[in-house]
Amino acid sequence: MKKILDDISEVVSSAFEKCGYDKEYGKVTISNRPDLCEFQCNGAMACAKKAHKAPFMIADEIKEVLDQSEMFEKVDSVKPGFLNMIIAPEYLANYMVTMSSEDKLGVENTANPRTIVMDYGGANVAKPLHVGHLRPAIIGESIKRVLKYVGNTVYGDVHLGDWGLQIGLIINELRHRKPDLPYFDQNFTGEYPKEAPFTLSDLEEIYPYASGKSKEDEAYKKDALEITNELQNGHPGYTAILKHILTLSHADLKKNYGSLNVTFDLWKGESDAQPYIPDMIEDMKKKGIAEESDGALIVRVAKDDDKREIPPCIIQKSDGASLYATTDLGTIIMRKKEQNPDAIIYVVDKRQELHFVQVFRTARMAGLIGDDVELTHIGFGTMNGKDGKPFKTRDGGVMRLEHMIKDISDEMYKKITENHTVDPEEAKETAKIVGLAALKYGDLSNQASKDYVFDMERFTSFEGNTGPYLLYSIVRIKSILAKYKELGKNAKDYKILAPTTKSEKDLMLALANFQATIDVVAKEYAPHKLCAYIYELANTFNHFYHETKIMAEEDEQRQGSYILLLMLTKEVLETSVDLLGFEAPERM
Ligand code: ARG
């Protein structure tokens, strides 16, 4: 259905046309003076010069035409030439009726649906997920859901870090501990075992150990680098070990991402880019894009008009090993071949901004992907602790994601059970759901590029701009609807009536902004704008709720209309929180 602003603009535009002016002047916006009006049009001012007329005279003419329209309750022409509009309650009620009956609440599919790959995992295998992986997962999942909702085909790719030194370190340590394994036998020709010779918890112990040791022991680190290089060149035993590591890691990561309500369509990693790398490098050399520098291969990506220095992109180390940029470039080739996307969106720490500038420029120079394909890096800021430094555990270590999720559900459990008696099992389930919402909303409500402070007390509060507050509003509606149903009534027998109070009209106006909000969120990849919208909507709903006797209303039709309005509010809120990646419990 048409967005409400478009609908109104159309009427105002034809009024301009009717009076002999260009219809482009009829663009209507939400009023920035809600004390005066609901919508406004400033077109008369812009139109005045061309028409050689005072703006207020034009505004007067338009007002006269608009006075004939049933869309408005009142139109004022205000000097020097503003048009202030108050929408007719009947029109608004009809808008609500249509919105309730439409698919997807009247949100239309984008005019040009695209195929989009979203890269928002980035976890490194054999290392547990930690809070550093929280932001890409939360933000990426939400953007993916919104882009799908408006009709795009979106592939979420976890793009695991599985090709770097960390794998070499693990293999090296394994070789020290179990040198007799067939993976390390040069002459072994049989089939490698199906079962991994280690468990996930072995890996979680081996990696930090090996990483620590490599920092003190030069020779040990050199071995690990050598192994990494051999692995990248197809060493069969090491490749088999990597396969074991991946199998174990995938299962564990799926579980962990799952507990965040985050899923991926593709479980690819940096290692999947390897088959594309040798030809890519040859080609770049042939085209003269890549050149040697101190034994390494580099691509000069600086441009004349750069405002800062952009160093060359290193695509091969002097020992022939691939780097982070190399796998990202190979991955672009792979994605082009497999998904042939119109856009690739990377949700990655903003501190990697330079890396993506280098990779994108190299990809364009080498023609790995068409110029019409969008490459975007959405760089997010850091989640800090209350001390303003990157969030750490109490003893200064990196916090595991599962521990953080547990901490926040525990806190939620305390709050839920504080004031009333609830079944402990149910409270536990509820605490999990609300805790996740607290965590995700606390993150998503900030503009992604900004740093923010993880504040357990504030995030879990039922008041203010928080996840629990929003869920509480949804649960409140659910409980009214249940009570209504218990009375044996069915709102579907009635229809939404024109609002009679300001708080009711405000609620309708807020609901009518849903389509435009989704539009902006999808265009700007900006979930924080969806958060701002539902916070405002929840406030408007709660205000209406406090001002209106819903269950005590004696006029059945009026009451039915309230209930239908609440059903619509609930659907908008629930759809929105689903797009943000969480859900509301039945009770709280
Ligand atoms: N594994 C990387 C890291 O931990 C993040 C990967 C992000 N995605 C990408 N295509 N580079 O920093």
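Data table
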| item | result |
| --- | --- |
| Total charge dipole magnitude, the chain, about the Cα centre, Cβ charges on Lys, Arg, Asp, Glu only, Debye to nearest 20 | 540 |
| The chain: calculated mean residue ellipticity at 222 nm from DSSP helix runs of at least 4, using -39500 (n - 2.57) | -17000 deg cm²/dmol |
| Residues whose placed amide H lies under 5 Å from that of V154, excluding near-sequence neighbours | I116 |
| Per-residue HN-Hα couplings for the range 568-575 [Karplus 6.51, -1.76, 1.60; θ = phi - 60°; Hz; x = Gly/Pro] | 5, 4, 4, 5, 5, 5, 5, 4 |
| ³J(HN,Hα), Karplus 6.51/-1.76/1.60, whole Hz, each residue of the range 53-58, x for Gly, Pro | 9, 5, x, 5, 5, 5 |
| Highest to lowest packing among 366-373, 318-325, scored as the average C-beta count within 10 Å | 318-325, 366-373 |
| For the chain, the spread of Cα positions along each principal axis, largest first, Å | 90, 68, 43 |
| Fraction of antiparallel bridges per DSSP, the chain only, in percent to nearest 5 | 50 |
| Potential extension, A532-V398 segment - 0.36 nm per residue separation minus Cα distance | 45.2 nm |
| In sequence order, calculated HN-Hα J values of the range 246-256 (Karplus, 6.51, -1.76, 1.60; Hz; x Gly/Pro) | 5, 4, 5, 5, 4, 4, 5, 5, 4, 5, 5 |
| Computed FRET value (nearest 0.05) for E230 with E457, which takes r as the C-beta separation and R₀ as 41 Å | 0.20 |
| Anchor K213: lysines whose Cα lies under 18 Å away (excluding residues fewer than 8 positions away in-chain) | K127, K178, K221, K222 |
| Charge dipole (debye, nearest 20) of the range 335-472; +1 at Cβ of Lys and Arg, -1 at Cβ of Asp and Glu | 600 |
| Burial ranking of peptide ranges 571-578, 130-137 (average Cβ count within 10 Å, highest at the top) | 130-137, 571-578 |
| Förster radius 41 Å - calculated FRET efficiency between S318 and F188, Cβ distance, rounded to 0.05 | 0.85 |
| Unit charges on C-beta of K, R, D, E only; dipole of the range 300-400, Debye | 460 |
| Charge dipole (the chain, unit charges on Cβ, about Cα centre) - positive-most of P236, G288, F56 | F56 |
| Label-to-label distance, nm, for residues given as D60 and D217 (7 Å Cα→Cβ offset) | 9.2 |
| Nonlocal amide H pairs with H130, under 5 Å, H built at 1.01 Å | L401 |
| Lys/Arg +1, Asp/Glu -1 at C-beta; the range 459-548 dipole; positive extreme among H546, Y533, I518 | H546 |
| Sites N384 and K406, calculated FRET efficiency, Cβ-Cβ separation with R0 22 Å, nearest 0.05 | 0.60 |
| Shape of the range 165-257, Cα gyration tensor, a/c cut at 1.5 | oblate |
| Cβ crowding within 10 Å averaged over residues, with 189-195, 555-561 ranked highest first | 555-561, 189-195 |
| Distance-filtered residues of the range 120-142 - backbone nitrogen under 12 Å, label point 7 angstrom along E204 Cα→Cβ | 126-130 |
| Gain upon complete extension [S449, V78; 0.36 nm per residue less C-alpha separation] | 129.5 nm |
| Amide H within-cut-off set for V453, under 5 Å, with H built and near neighbours excluded | N384 |
| Sequence-distant lysines (8 or more away, or on other chains) whose Cα lies within less than 25 Å of K23 | K2, K3, K49, K50, K53, K63, K74, K79 |
| Dipole of the chain [Lys/Arg +1, Asp/Glu -1 at C-beta], most positive-end residue of Q40, L329, L436 | Q40 |
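Read the figures in this text as sums done on the coordinates, not as results from a lab. Everything numeric in this text was worked out from a predicted model, so none of it was measured. Note that we place each Cβ from the backbone using ideal geometry, even for glycine, and neighbour counts take in every protein chain shown.
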